[in-house]
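Here the structure is laid out as structure tokens; the discussion comes afterwards.
The values are calculated or read from the model by the stated rules, or taken from the named source; none is laboratory data. Predicted, not measured: the structure shown is a model, and the values here were computed from it. We place every Cβ from the backbone using ideal geometry, glycine too, and count neighbours over all the protein chains shown.
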Amino acid sequence: MSRIAAKFDSLKQSGRKALIPFITAGDPVPEFTVPCLHAMVEAGADIIELGVPFSDPMADGPVIQKASERALAHRMSLRKTLALVAEFRRDDLTTPVVLMGYLNPIESLGYQAFVAKAREVGVDGVLTVDMPPEESAELLPLLRDAGIDPIFLLAPNSTEDRIRRMSELGRGYLYYVSLKGVTGASHLDLGEVERKVLEIRSLSTLPVGVGFGVKNAETAAAIARFADAIVVGSALVSQIESLQDRPDLARAKIAEVLRSMRAAMDAAMS
């Protein structure tokens, strides 16, 4: 059983839902990332999504686009992101880490080299935004053989056949993009999100995480009532942007946001 599957199993047994924060590796500087990962775990994170900086992050809104720009300005790369995971693993051998990014950096490194290094440093899952299942035949078997969960995105307009296909190919969890648009958008219809999550659950046995548009503890708690996980990104990355010259305070603010979400989510399930 993978670390991700084990985490969801443990949470289910305790009647809790997964809190999955996202930050971009190397934002605002490489030295910020690993201490922030540890702070997020201490604040209640169950799984971490670590963004791999990319020059053309087409699925991301302006907040996370700027995070990639800040990281790339410090020559952050996929190799250096993997090195940060290795550094994190020196003190944390249990928290699952999912790399989230785009296919180009993986192709540049080479599929086999990437998977081998990801396994070596302790990556648990890979979510490649622009790799549909039809184009995953080369990478997917390598990930599975390495014990790394391939994680797929589902959208509001995903058909039943598409959901089944993603469920068959995916591992760990399915990431439901809760709205049409980019990360950080605000027009979230919770009723519609719940209806889609229930549809996905009727077609898949994988846990369903909801992201894009989760901004505060109230929204996280509402989603926790029907989803298996809540993914929060832009609300955290915006703290880094506004406090990039005060890294200790940025970490403290991120931890504060996560603690409030963790408490609200747990209260919603009690």
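Only a single item in (1) out of contact with any helix residue (DSSP H, G or I) (no Cβ under 7 Å at 6 or more places or on another chain); (2) surrounded by 24 or more Cβ atoms within 10 Å (Cβ to Cβ); (3) in a helix (DSSP H, G or I); (4) of a type in the set (Gly, Ala, Ser) is not met by ALA220, and it is number (1). Looking at LEU249, LEU258, just one residue is under 18 Å from VAL214 (Cα atoms) and assigned to a helix (DSSP H, G or I), and that residue is LEU258. Name the residue that is nearest to ASP189 (Cα to Cα), counting only residues in the stretch 145-158 that are at pLDDT 95 or above and surrounded by fewer than 19 Cβ atoms within 10 Å (Cβ to Cβ). Once the filter is applied, the top-ranked residue is GLY147. Taking the conditions (1) crowded, with 16+ Cβ neighbours inside 10 Å; (2) closer than 18 Å to ALA18 by Cβ; (3) among the small types (Gly, Ala, Ser) in turn, ALA263 satisfies each one other than (1).
Applying the condition of being within 16 Å of the chain's Cα centre (by Cα) and among the aliphatic types (A, V, I, L, M) to the stretch 8-33 and asking which residue is surrounded by the most Cβ atoms within 10 Å (Cβ to Cβ) yields ALA25. Restricting the stretch 130-144 to residues that are of a type in the set (D, E, K, R) and in a helix (DSSP H, G or I), the residue that is surrounded by the fewest Cβ atoms within 10 Å (Cβ to Cβ) is GLU134. Filtered by the rule that a residue be farther than 14 Å from ILE223 by Cβ and under 17 Å from the mean Cα position of the chain (by Cα), the stretch 241-269 gives ILE254, ALA255, VAL257, LEU258.
Would it be correct to say that VAL182 is under 18 Å from the mean Cα position of the chain (by Cα) and at pLDDT below 95? Considered against the rule, which asks whether it is under 18 Å from the mean Cα position of the chain (by Cα) and at pLDDT below 95, VAL182 comes out as yes. Every test in (1) in contact with a Leu (Cβ under 8 Å, 6 or more places away or on another chain); (2) outside any strand (DSSP E or B); (3) among the aromatic types (Phe, Trp, Tyr) is passed by PHE32 save one, and that test is (1).
Apart from one condition, VAL193 fits all of (1) in a helix (DSSP H, G or I); (2) under 18 Å from MET40 (Cβ atoms); (3) touching a strand residue (DSSP E or B) at 6+ places or on another chain (Cβ under 7 Å); the exception is (2).
Helices (runs of 4 or more DSSP H) fully within the stretch 48-117 that include at least 2 residues being in contact (Cβ under 8 Å) with a residue 60 or more places away in the chain and either out of contact with any Ser or Thr (no Cβ under 7 Å at 6 or more places or on another chain) or crowded, with 23+ Cβ neighbours inside 10 Å (or both): 62-73.
Going through (1) surrounded by 17 or more Cβ atoms within 10 Å (Cβ to Cβ); (2) not in a loop (DSSP other than H, G, I, E, B) one by one, SER202 falls short only on (1).
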